[in-house]
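Enquirer: The structure's right below; bear with me while I get my questions together.
The values are calculated or read from the model by the stated rules, or taken from the named source; none is laboratory data. On a predicted model such as this, the values are computed, not experimentally measured, just so you know. Positions of Cβ are generated from backbone atoms using ideal geometry, with glycine treated the same way; all protein chains shown enter the neighbour counts.
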Amino acid sequence: MSTPYGRFDDPRREYVVTRPDTPLPWLNYLGQDDLFGLCTNTAGGYTFWRDAKLRRLTRYRYNNAPYDLGGRYLYVRDGETVWNPGWKPTKTPLDRYECRHGLGYTQIVGSKDGVEVELLFFVPPGENVEVWRTTVRNRGGRPKDLTLFSFVEFCFYEALNDMSNFQRTYSIGEVEVEGSAVYHTTEFRERRDHYTLFACTREIAGFDTSRDAFVGVHNGLHEAGVPFAGAATGSIAHGWNPIGSHQVDLHLEPGASETFAFFLAYVEQGEQPKFERPGVLDKSHGRAILERYREPGAVDGAFAALQSWWAGILSAFEVDCPDEDAQRMANTWNQYQCLVTFNLSRSASFYESGIGRGMGFRDSNQDILGFVHLVPERARQRILDLAATQLADGTCYHQYQPLTKQGNADIGGDFYDDHLWLVLSTCAYVKETGDTSILREPVGYTDTPGSGEDLLHHLETSIAYTLSHLGEHDLPLIGHADWNDCLNLNCFSTEPNESFQTAGDVEGSRAESVMIAGLFLSACRDLAGLYRHLGSGADADRLDGAYDDMLAAVEEHAWDGAWYLRAFDAAGTPVGSSACEEGQIFIESQGWCVLGGAGRGNGRARRALESVHERLATEHGILLHQPAFTRYHPELGEITSYPPGYKENAGIFCHNNTWVHLGWCLLGDGDRALEYYRSICPSTRSDVETYRAEPYVYAQMIAGRDAATPGEAKNSWLTGTAAWTFVTLAQGILGIKPEYAGLRIDPCIPKGWRSYSVTRRFRGVTYEITVSNPDGVCTGVRSLTVDGAPVVGNVVPPSEGDDTVVVDVVLGGDLR
Ligand code: GLC
Ligand code: GLC
């Protein structure tokens, strides 16, 4: 879909932003290993190493006006005119502007008065260096004498302290300059063994390191003093706010161009002595990086390495199907977003400050579901890291800091769904890889130093926790909340300064969650399957028993007549019932009960999803519940604190829509599934002025029909929607399902699709799968051949030996 603001360039896997004043900043991410950067279409954003809170390299101001201010800026001075290729911060009108957001890179081209400047920002794989390849071209008819000024503002690493503790920070800033290299060395003298380097591969004509000198005490970045005056001052920062800026003077004849690079590097000193002489940083690591990038071809080689890294990653899954949006999202943007959410969980975006949340327990476990096929080894490590933040009683730290891997309770604990997601992620990992050795990894419990219980023990502890925390309807207790952080049935908060997730007492509470019951059914079934695969029939039977008991409780106590209840509150009153005044039907329990296998033999699954369709489905996606809460209900918590139609109060919370999509896939309605899939798919949107967020990645939330601004998206990028929409499309609709015994082929497509094909890497082998649908059905495999030989059933067994396996599937039968 192309709009006044941009278009997809599918062959290049890029989104092309064609004007800088997008309805909101449109963001991309740089980096794939340890060094990460946020980069908007006007070059805004910041850079950090591993942890946006604890190791922030460049500064960013939250909640700013304008919204996106601060970033990787290059000022171009041409005569008396000063402009930026990315438009900001000067906002000098450009003759031409284009921003291409690609996989791990952003390229911005701006031109004015015959001068074209192209900036390419990226982090090469395996490196802690952010490169800004800079090309300046004289496209006009006269010689040009240009002065360029680069600009970054350094952060003092611990971002919260940096943003709040000025009585200290204004006195500690330190830098050194050597040639074209600015070294930011604040706190290096004492406890840090790392510094930030901002350098230029080309000779420079001057530099600045003091913000007061470069910008001016009374100026904004749009009127920074030095670029407008035309000459760097050679300032050395002593305290206050260190920055890095280079002055580059260029003379370009008509038609001439010059290419060089700036780069920002995070350097750990390691074994190297800290100082070469008292008070002077030993710069050998920094000099070596500069030498390396000064080699001809080094920058282009690094960019080529990035591109082939991504090509390799995305070759794990590629589809060719009749739906252009689904194809584009699956092949590029959705998998890309899965990798970013895997790396960053919910920590750093334009809606997550990087100082609030780290790696979420439930979030990261879900992220693995959409990521595990991309880099299974990384998923393995993440599962073990997450499990290591579980407590011996089965509860979990709700988040941990990526730098330290230590869990903390800053944003609460006792969310009684958390532990169950670990079962789902682990089973998904074993199904994907066949690697059962992960189950025997000694992980231990975080509150029991020296304990070495293995991962399988953690899974059992998770199941046992839920079973020992059931309420009076034999449904799981909810704790501070379940997946819906805002359904706080034990909070009863009347104090505006407390957090809904930490306030209130869960001890002895009666409140139960039907959504957790559905999730438990899925987890139990998954773990039973794993035990069967391991040959532990008795354990599998034990879990089947637990499953049956939970299912019986759901069917006996949680059916409201036309849908499943959402919960029982602390007084034992149903939540999400037709008897309620507001909030009569909720999406999460319909999705999870159906996915858990409830309502199968009795028609309730279909009835529940039809109720969702009648009451919650809209053109922009499915509402979280209806009717919206119009007043604050202390017995329900934060959900009723939001204005109607926003966030958890009857917004379209895209993440949970996918559970209904998958539910329809289970029931076999591929037309409904794809229609719903498309309703929240960002690339289908033409109403960009309403939607506002990026067209290439999912947003957490789209305002619902009760909102003043229905259809408006917020909180893009870091959302579980990424993983779950990929699972919906890849497994639910296209039906390529990893199982312990191989790849099950179980499509649920629109009847109108005549054929499609998928290339899927699975356990090191590439499967070329073609599905044809001669009878125009949604589901049901009639025949399946592997390398031409018929297979009984619809599971492709893991190949032994071959690199590529050809699978032909014909629909029109009843194998599912
Ligand atoms: C946010 C949280 C997630 C939660 C969801 C619903 O996206 O990161 O953990 O499940 O909100 O409240
Ligand atoms: C808020 C948000 C919710 C998020 C939670 C995290 O309550 O509405 O989406 O998960 O904060 O603490």
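Enquirer: Answer with yes or no whether residue 290 is in contact (Cβ under 8 Å) with a residue 24 or more places away in the chain, buried (at least 22 other Cβ atoms within 10 Å of the Cβ) and of a type outside the set (Phe, Trp, Tyr).
Expert: It is false that residue 290 is in contact (Cβ under 8 Å) with a residue 24 or more places away in the chain, buried (at least 22 other Cβ atoms within 10 Å of the Cβ) and of a type outside the set (Phe, Trp, Tyr).
Enquirer: Right, another one. Out of all the residues in the range 256-273, which are farther than 30 Å from residue 141 by Cα and in contact with a strand residue (DSSP E or B) (Cβ under 7 Å, 6 or more places away or on another chain)?
Expert: Correct list: 263, 264, 265, 266, 267, 268, 269.
Enquirer: Residues being closer than 27 Å to residue 548 by Cβ and not charged (D, E, K, R): count how many of those fall in the range 488-511.
Expert: Residues in the range 488-511 being closer than 27 Å to residue 548 by Cβ and not charged (D, E, K, R): 3 in total.
Enquirer: Right, another one. Could you check the range 283-377 for helices (runs of 4 or more DSSP H) lying wholly inside it with 2 or more residues that are more than 16 Å from ligand 2 (Cβ to nearest atom) and among the hydrophobic types (A, V, I, L, M, F, W, C)?
Expert: Filter on the range 283-377 gives 284-294, 298-314, 334-344, 361-371.
Enquirer: Within the range 342-378, how many residues turn out to be among the acidic types (Asp, Glu) and either more than 14 Å from ligand 1 (Cβ to nearest atom) or farther than 19 Å from residue 647 by Cα (or both)?
Expert: Number satisfying all stated conditions: 2.
Enquirer: If you don't mind, another one. Filter the range 802-816 for residues that are β-branched (Val, Ile, Thr) and touching a residue at least 40 places away in the same chain (Cβ under 8 Å); which is farthest from residue 747 (Cα to Cα)?
Expert: Out of the qualifying residues, it is 805.
Enquirer: Taking the stated definitions as given, is residue 468 polar (S, T, N, Q), closer than 30 Å to residue 762 by Cα and away from ligand 1 (no atom under 16 Å from the Cβ)?
Expert: no
Enquirer: Looking at residue 276 and the list (1) under 27 Å from residue 100 (Cβ atoms); (2) not in a helix (DSSP H, G or I), which single condition is not satisfied?
Expert: (1)
Enquirer: Take residue 495 and tell me if it is crowded, with 21+ Cβ neighbours inside 10 Å, farther than 17 Å from residue 398 by Cβ, charged (D, E, K, R) and modelled with pLDDT of 95 or more.
Expert: no
Enquirer: Hey, can you tell me all the residues within the range 496-515 that are more than 16 Å from ligand 2 (Cβ to nearest atom) and either farther than 19 Å from residue 413 by Cβ or touching a helix residue (DSSP H, G or I) at 6+ places or on another chain (Cβ under 9 Å) (or both)?
Expert: 510, 512, 514
Enquirer: How many residues are hydrophobic (A, V, I, L, M, F, W, C) and assigned to a strand (DSSP E or B) if we restrict to the range 690-725?
Expert: Looking only at that region, the number is 4.
Enquirer: Residue 716 versus (1) more than 16 Å from ligand 2 (Cβ to nearest atom); (2) under 18 Å from the mean Cα position of the chain (by Cα): which is the lone unmet condition?
Expert: (1)
Enquirer: For residues in the range 683-712 being within 14 Å of ligand 2 (Cβ to nearest atom) and of a type in the set (A, V, I, L, M), which is farthest from residue 760 (Cα to Cα)?
Expert: 703
Enquirer: Still on this model: Only one residue in 42, 106, 135 is in contact (Cβ under 8 Å) with a residue 12 or more places away in the chain and surrounded by fewer than 24 Cβ atoms within 10 Å (Cβ to Cβ). Which one?
Expert: Answer to the selection: 135.
Enquirer: While we're looking at this one, here's another question. Looking at the range 308-364, which of the residues that are among the basic types (Lys, Arg) and in contact with an Asp or Glu (Cβ under 8 Å, 6 or more places away or on another chain) is surrounded by the fewest Cβ atoms within 10 Å (Cβ to Cβ)?
Expert: My answer is 328.
Enquirer: If you go through the range 423-451, how many residues are part of a loop (DSSP other than H, G, I, E, B) and without any contact (Cβ under 8 Å) to a residue 60 or more places away in the chain?
Expert: 11
Enquirer: Please give the number of the condition residue 651 fails out of (1) in contact with a Gly (Cβ under 6 Å, 6 or more places away or on another chain); (2) more than 15 Å from ligand 2 (Cβ to nearest atom).
Expert: Here residue 651 clears every test but (2).
Enquirer: Right, another one. State whether one or more residues within the range 84-94 are over 24 Å from residue 688 (Cβ atoms) and among the aliphatic types (A, V, I, L, M).
Expert: no
Enquirer: Out of the residues in the range 461-484 that are part of a loop (DSSP other than H, G, I, E, B) and surrounded by fewer than 23 Cβ atoms within 10 Å (Cβ to Cβ), which is nearest to ligand 2 (Cβ to nearest atom)?
Expert: Filtering first and then ranking leaves 469.
Enquirer: Would it be correct to say that residue 523 is away from ligand 2 (no atom under 16 Å from the Cβ), of a type outside the set (Val, Ile, Thr), closer than 18 Å to residue 633 by Cα and crowded, with 19+ Cβ neighbours inside 10 Å?
Expert: Answer is no for this residue.
Enquirer: Would you be able to say whether some residue in the range 402-422 is on the phi < 0 side of the Ramachandran plot, within 15 Å of ligand 2 (Cβ to nearest atom), surrounded by 23 or more Cβ atoms within 10 Å (Cβ to Cβ) and assigned to a helix (DSSP H, G or I)?
Expert: Yes - at least one qualifying residue is present in the range 402-422.
Enquirer: Determine, yes or no, whether residue 458 is more than 16 Å from residue 589 (Cβ to Cβ), within 16 Å of ligand 1 (Cβ to nearest atom), crowded, with 20+ Cβ neighbours inside 10 Å and in contact (Cβ under 8 Å) with a residue 24 or more places away in the chain.
Expert: When the stated conditions are applied, residue 458 does not pass them.
Enquirer: Which of the following residues is over 17 Å from residue 389 (Cα atoms) and more than 16 Å from ligand 1 (Cβ to nearest atom): 451, 437?
Expert: 437
Enquirer: Given the residues 190, 176, which is the only one that is exposed (fewer than 15 other Cβ atoms within 10 Å of the Cβ) and more than 32 Å from the chain's Cα centre (by Cα)?
Expert: One residue alone meets the criteria, 190.
Enquirer: Among the helices (runs of 4 or more DSSP H) confined wholly to the range 159-224, which include 1 or more residues that are acidic (Asp, Glu), farther than 14 Å from residue 238 by Cα and touching a strand residue (DSSP E or B) at 6+ places or on another chain (Cβ under 6 Å)?
Expert: Those helices (runs of 4 or more DSSP H) span 159-164.
Enquirer: May I pose another question? Evaluate the following for residue 569: is it modelled with pLDDT of 95 or more and either within 16 Å of ligand 1 (Cβ to nearest atom) or farther than 19 Å from residue 417 by Cα (or both)?
Expert: no
Enquirer: Where residues in the range 673-682 are buried (at least 22 other Cβ atoms within 10 Å of the Cβ) and within 30 Å of residue 600 (Cβ to Cβ), which of them is nearest to ligand 2 (Cβ to nearest atom)?
Expert: Result: 680.
Enquirer: Restricting attention to the range 224-249, report how many residues are among the charged types (D, E, K, R) and touching a helix residue (DSSP H, G or I) at 6+ places or on another chain (Cβ under 9 Å).
Expert: Residues in the range 224-249 being among the charged types (D, E, K, R) and touching a helix residue (DSSP H, G or I) at 6+ places or on another chain (Cβ under 9 Å): 0 in total.
Enquirer: Taking the range 605-648 as the search range and keeping residues that are β-branched (Val, Ile, Thr) and either within 16 Å of ligand 2 (Cβ to nearest atom) or crowded, with 20+ Cβ neighbours inside 10 Å (or both), which one is farthest from residue 747 (Cα to Cα)?
Expert: 640
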